[in-house]
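Some notes on the structure that comes next.
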Amino acid sequence: MSGTAGSSPQQEVTNLLVEWKQGNKAAMDLLTPLVYNELRRLAERYLRNERSAATLQPTALVHEAYLRLVAQNMPDWESRAHFFGVAAHLMRQILVDHARKHRSAKRGGGVEKLNIDEIVGLGADKPNDIIALDDALNALAEIDERKAKVIELRFFGGLSVEETAVSLGVSAATIGREQRLAEAWLHRELSNVG
Amino acid sequence: MTKAERWKVVEDLFHRALDVPEGERNAFLEAESGGDAEIIREVQSLIDSDTAASTAMSVAAAAVKKALATFHATENAATAPGRIVGRYKLIREIGRGGMGSVYLATRADDSYDQNVAIKLVRRGMDTDFILARFRRERQILASLEHPNIARLLDGGATDDGLPYLVMEYVHGVTITEYARTNDLGLEQRLRLFLQVCDAVEYAHRNFVVHRDLKPGNILVNETGVPKLLDFGISKLLSFDGNITETVTHDVRMLTPDYASPEQIRGEPITAAADVYSLGAVLFELLTESKAHRFDKTTPQAVEHAICETQITRPSEAARETGRQNVWRKLQGDLDNIVLLAMRKEPKRRYASVHHLASDIRAYLDFKPVSARADTVAYRAKKFVRRNWGPVAAVAAIIATLLVGVWMARREARIARMHFNQVRQLANTFVTGVHDEIRNLPGSTRARNVIVKTGLEYLEALAANAHGDLDLQREIGAGYLRIGDVQGSVLEANLGNTKAALVSYNKALTLLEEVAQKRPEALDVQTEILQIHRRIGDIYGYTKSMDAALRAYAHARAVGETLLAKKPGDANLRRSVADLYQAQSRTFRMAENPEAARDASTRAIELYRSVLKQSPEDTVLRRDMASAMAAEGMALMRMYKREEAMTLFHEVVRESEFLLQKDPQNNNLKRSLMLAYSHIGDVRSQPGVAAPSELPEAVDAFTRMNAIAEELHRADRVDFRALSDHGIALMRLANVTADSSLKLNRYTEALGYLKQAAQINKDLMVEMNSAFIEAKMGDLLQARGAKAEAMRHYAESVARNERILAADPKNSSARRTHMEALRALGEEAARRHAVREAADYRDRLAKSAEELRSQKGLPTQVQSYVWRAYVGVGSISALSGDKDVARERYQRAVTELRRLEPLPGFSSRKELLEAETLLSELR
């Protein structure tokens, strides 16, 4: 690997992003725990305010992570967009993997005392399943990759419409339209699955 | 219409239809789609879903939200109080870090009431490299056993595979809090701190740097014993080059109050970082305020404060916080001690924690401390640091000299003078040397005083020695001892080896005169033999091969003469055989394999003759095996490969036989390892080994590596074990086909070599590191990781330049040097970095000319010169300088064609490349 031991963590993350951009898959593996930690904090904070929060806003945390980890070294928009893209994708992956493991543990007869739905106060309707969402997003990506990316950035990365627009290099109005269609599409797919 | 085109139509209609009042949509769609029923149905279903979506929470948002809740709940369940981990039950979380948490736990079976701390990797953190790091922490902790370091008790993995460590639970408060709440006095604080130093020093001796020393990691338990915790980001010294090192620890874990400037700047970390952090802790312990004051907490402000701003003197800080009774005591020595520990430049701090602790002890004992504000102390420190060595060695030398002096007493006049000399020496020893040693452990100054005193003494004696053969002999022996002190005990550098040669030559002059007048005194001859041998060793060490070979030739003449006079002296036979072995090694390094083979043959003959008398002598058998190995190496270089193999196989059998008798003998294991190494070398000999031989090479290097690994495991911090393992892995990597595996092996090998280099600066280690860097450059370049490849090439070049500065005739360093320069130059030219490319090209040309100017180069080495010409040509071609390129290619082709083909070696490949490039240019 490159001889960057001893660099500050900020520098490390920046290096990792640069390397990842250049196609080093191992860098992704190194970034995962950082994002994972953010996700954990996000879950905690989000759930504390769950009842008052009307919409999902993981944004704050990704922003915070970005500011702490990368901004000082790479303040340009390109890296910022890139970072959000990576973070959103990782969050999606982690949540889906986690749900998969969780589900198989349940099936495998592992002890499961907590009724998640009760805790969170959500209906147990199947279309809310993250795995189904993931599958649907993959299907959407096959038809229209950018729309799947919009959903990923907006809901997993928690980016605003404007940020998503910059990230993908299109206008905010386009993002609004794309998201609307994507959501309709996902909704239809997930209802059918039910 | 393709699928994508249909989707475009659907998308367009969807948005436009939404603007149409609901009642008119059907008609709108009918008209716009041209009556395509499928498209109408598709758009309609999407619009229906859109309506649904606007009334409820977005499906995507709801799914993510639910997933987060599930995530959170199961995460918590995994570490909830009461959970059983191994034989322990978690009680509560007591700390949280980047990759896991620490829990207070107790024995689950209640067999006895013992609280422990369990460090558990969090789910999701169990990526390969975090697990590797966790394993390393476990390994590091397992190797540390010290009363002031929290002990590792146990470790394992949970049912779902997450690793954990069980550690001694320290029920206590931070060191600073302890001092404050118990209102400790200055001396008590210092004594408490000394225990911490002791623990850190112990860790350093085990090559572990803590890297995160702060009050939060130094707890004092209920009985007042400080304990060092959390080696979570500690690392083995010199084990750098590994990107996973620092990235995994959370940014929040960086503790700016105690972090050294080099840590903040992201520079390489050594034990000096811990010295700095200890200084910062001491500052706080003495003043009850922190060493740095950060006006702002932005990284830039923090970096500025730590790296640029002068630290307030502790006495000043104490005065400002109103600790009136303390600040006066801090003025002077304690101020100096803290500030010396906290110097910005790592090299200007205390050389080690030991030195810091010694100064604190000196302060407590009212003795002068070494820390001074002035630059004289700074220079002295640097001097001492450069020449650190054990006190014991110095003491032994003094003792030897004194004994020599006493024994030399013969006649009264001389005896009287001796008495005075001895007294003088004793005085110097007590007043000068002894104090020096006490204040500066292992200092060179002390040794210099001894050597200087010894030389003065010998010169004074020599002036009175004319005609007194006994005394002359005595003085000669004295010079021999002084020479040993100068040449072998001191870290060998040019100044010292030169001085040693002067002493040896003085000894030689004196003893040769004695020998001439007393030809019957054979023991004088034996001493002369030893001196020649040592002179040869020193020249060999400083790579003056010709001078070394001359000295060995003298030694050999004396040795053979002696052997003729004392044919039955087994010890003499052995020492002459040893001499031939040294000579063989030097011939080999001087690239004269024929002479090396002859010397080894004679060595084997001598060993064998002694072995007849004592066939059970295992040391002798081992010496003989290494002589056979040396002969094999010479034969291999003469391309008599099968003869060499016969010898190597015999060495394997002999080593295995000896190992059976003495299975724990590491030297024998190493002999076996080397034998496998030679076998692998023959089977992968560049230019001559057939592809069909490769599996045998892989097998031999695999065996070699297995033994090296075993030896390394037995002693993790032994220089030779580390470098052997690195070199074995490198050889294995050389013959590894799979490029990922190859890269991993090189990376691991480089890690060990760097660790070894930290312990001992060694040319071989440096050479192999340079070689690996170049190979990694090749591999990474082939994979397209250009930037990384260039970093490795540049590192290789830098290392080789250091080697070549010390040893300009080192042909393998020269070759790697030139190859890496070529790669760098070509890459720069491709990037259109014109100047950079020109710079590399010129350096390559210069290196080639240096090699060309050397006389008597073997054919193979000569071909490197012309290879370099091809490289210069290729960089020029890529830079658009076709004329130079053509000229260089042409020259290379001409010269390579002219080279005599050796048995087993041909420059066909080089020639082919030069010709191809030349024709491409046309």
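Things worth noting here:
- Surrounding net charge for residue A:141, when Lys and Arg each add one and Asp and Glu each subtract one, Cβ distance under 11 Å: -3
- Charges were assigned to the Cβ only: +1 to each Lys and Arg, -1 to each Asp and Glu. The resulting dipole of segment B:492-637 about its Cα centre is roughly 140 debye.
- FRET efficiency estimate (nearest 0.05) - Cβ-Cβ, residue B:522 to residue B:898, R0 60 angstrom: 0.65
- Sequence of B:146, B:210, B:532 once ranked by neighbouring C-beta atoms within 10 Å, starting from the fewest: B:146, B:532, B:210
- Cross-link pairs B:543/B:775; B:775/B:846; B:367/B:754; B:227/B:367; B:517/B:543; B:498/B:761 - those with Cα-Cα distance over 31 Å: B:367/B:754; B:517/B:543
- Positive-end residue of B:705, B:657, B:721, charge dipole of segment B:624-732 with Cβ unit charges: B:721
- Scalar couplings 3J(HN,Hα) for segment A:148-162, obtained by applying the Karplus form with A = 6.51, B = -1.76, C = 1.60 to θ = phi - 60°, are 5, 5, 4, 4, 4, 5, 6, 9, 8, x, x, 6, 6, 4, 5 Hz; x denotes Gly and Pro.
- Charge-dipole axis of segment B:719-876 as Lys and Arg at +1 and Asp and Glu at -1 on Cβ define it, positive-most pick from B:820, B:787, B:733: B:820
- Each of B:617, B:154 was scored by other Cβ atoms within 10 Å of its Cβ. Listed from fewest to most, they are B:154, B:617.
- Each other residue within a Cβ distance under 14 Å of residue B:887 adds +1 if Lys or Arg and -1 if Asp or Glu, for a net charge of +3.
- Pairwise label distance in nanometres, residue A:138 with residue A:171, each label 7 Å out on the Cα-Cβ vector: 3.6
- Here's how it looks for residue B:103: its modeled amide H is under 5 Å from those of B:94, B:118, B:119, B:120, which are all 5 or more places away or on a different chain.
- Between residue B:541 and residue B:849, the modelled labels are 3.5 nm apart [label points 7 Å from Cα along Cα→Cβ].
- Long-range amide H partners of residue B:155 with built H, under 5 Å: B:166
- Residues of type aspartates and glutamates that residue B:119 reaches as a straight line, Cα spacing below 12 Å, ignoring anything fewer than 8 places off in the same chain: B:93, B:137, B:154, B:168, B:230
- Residue order, fewest to most beta carbons within 10 Å, for B:313, B:328: B:328, B:313
- For the set B:565/B:640; B:855/B:909; B:640/B:661; B:566/B:612; A:147/B:66, the pairs lying more than 26 angstrom apart at their alpha carbons are B:565/B:640; B:640/B:661.
- Across segment B:344-353, rounded Karplus estimates of 3J(HN,Hα) from the backbone phi angles (6.51 cos²θ - 1.76 cosθ + 1.60, θ = phi - 60°) give 5, 8, x, 6, 9, 7, 3, 5, 7, 4 Hz, Gly and Pro being marked x.
- Backbone HN-Hα couplings from phi across segment B:159-167 [Karplus 6.51/-1.76/1.60, Hz, Gly and Pro as x]: 4, 8, x, 8, x, 9, 10, 10, 10
- For segment B:599-665, a simple Cβ point-charge model (Lys and Arg +1, Asp and Glu -1, everything else neutral) yields a dipole of about 160 debye relative to the Cα centre.
- Under 12 Å, Cβ to Cβ, from residue B:522 - net charge with Lys/Arg +1 and Asp/Glu -1: -1
- Amide H within-cut-off set for residue B:228, under 5 Å, with H built and near neighbours excluded: B:149, B:150
- Based on Cα contacts under 8 Å between residues 6+ apart, segment B:587-666 shows a relative contact order of 29 percent.
- Nearest-0.05 FRET efficiency for residue B:739 and residue A:146, computed from C-beta distance (R0 45 Å): 0.80
A short reminder: the numbers here are calculations on the coordinates, not readings from a lab. What you see is a predicted model, and the numbers here were worked out from it, not measured in a lab. All Cβ positions, even for glycine, are placed from backbone atoms using ideal geometry, and neighbour counts span all protein chains on display.
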